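Notes to accompany the following structure.
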Amino acid sequence: MADLTVTVVSADEQVWSGQANMVVARTAVGEIGLLAGHQPLLGVLAAGEVRITASDGGRIVVNAEDGFVSMENDTVTIAARSASLVR
């Protein structure tokens with residue numbers, strides 16, 4: 001399976017960065033799952049969990065609030081006003 005390059009940042013720090021197989025984020029219009037090859041996307045991030053399945057099989061959960069999720073060329077960026085690593 002192809003990998004995504006994922007970066008999660010808050011207003012004052014980088015929260016997580018790495019390779020992943022899948023990202024699930026809550027947007028203003030509902031949850032969206034992102035896999036390699038997904039069409040370019042820019043969405044308004046809703047408050048809630050961003051769930052990341054890392055390439056090594058690990059699961060990362062980030063609480064994020066107020067921001068954007070974007071994807072282009074298998075690169076996902078989550079830019080939030082507030083974000084913290086849960087696990």
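Values as computed for the structure displayed
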| item | result |
| --- | --- |
| Hits in the range 33-57 - residues which are in contact with a Lys or Arg (Cβ under 8 Å, 6 or more places away or on another chain) and of a type in the set (A, V, I, L, M, F, W, C) | L45, A46, A47, V50, I52 |
| Elements of type strands (runs of 3 or more DSSP E) in the range 1-75, at least 1 residues being closer than 15 Å to L85 by Cβ and touching a strand residue (DSSP E or B) at 6+ places or on another chain (Cβ under 6 Å) | 4-9, 14-27, 48-54, 59-72 |
| D74 surrounded by fewer than 18 Cβ atoms within 10 Å (Cβ to Cβ), in contact (Cβ under 8 Å) with a residue 24 or more places away in the chain and at positive phi | yes |
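None of the figures in this text is laboratory data; all of them are computed from the coordinates on show. Treat the numbers as computed from the prediction; the structure is a model and nothing was measured. No Cβ is skipped: glycine too gets one built from the backbone with ideal geometry, and neighbour counts run over all protein chains shown.
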